[in-house]
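Enquirer: One structure follows; several queries about it will come next.
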Amino acid sequence: MLKEQSIAPDFIVPKLVDLVVQTSVTGRKIRIANCCWIPLLTMPIEQAHEQLHNMMRDLVKPVLVIDEGNLRLGAVDFASLLRRHLMTVLAGINADQLHQMVIVYQPRWAAEYRLPADTQRIRIAHRQIRDVLATVYEPAIATQVAIFYGGFLFKDELSNVMNDDNVNGVVVGNGKQV
């Protein structure tokens, strides 16, 4: 039987990290320096909005982390919740600023319990994120935003995830604190 782990919220003190991702285009690992994670669905929405704008002002690369938490197991409409949060947090962010950030879909249950998300679920979540960005901005702008998968994944599923047009790559490790 799986036990839920208690994790202190990461948003209390923003930390700079270096994010290492494996890109779907080249398959190579790249390092994105001086990032700061914003847990989008677990942080109070006003605080996420303020933190994002502060990071843009301070030239820190924001990483919007989308964690559906236990919503996967409930009857909550993830797409509606995602749309509401993304639209509110991104209010006042222009297309140039949007290109400066990274979005990571990282379901907590996948990391805590070391359960892989099925590739279909990963594809759907990434498409929903991209669809919201296309609604807020334009489809052409939405396709240029880097969206990575940050959850647990079996090695044999990597190519299935990387072959999806909405997945720009996967996060390698959990980020290294600077």
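The values are calculated or read from the model by the stated rules, or taken from the named source; none is laboratory data. In this text the structure is predicted, and so the values were computed from the model without any measurement. FYI the Cβ positions are ideal-geometry reconstructions off the backbone, even for glycines, and counts take in every protein chain you see. These accessible areas exclude ligands, DNA and RNA; they are computed on the full protein's heavy atoms, side chains included. Shrake-Rupley method; radii C 1.70, N 1.55, O 1.52, S 1.80 Å.
Enquirer: Return the FRET efficiency for the residue pair Ala95, Asp156: r is the Cβ-Cβ distance, R0 is 41 Å, and the value is rounded to the nearest 0.05.
Expert: Calculated value: 0.65.
Enquirer: Another one. For Val65, what residues show an amide H to amide H distance below 5 Å, using hydrogens built from the backbone and excluding near sequence neighbours?
Expert: Here Ile38, Leu40, Val104 satisfy the definition.
Enquirer: Heavy-atom accessible area of Thr42 with all protein chains present, probe 1.4 Å, nearest 10 Å²?
Expert: Thr42 exposes around 60 Å² with every protein chain in place.
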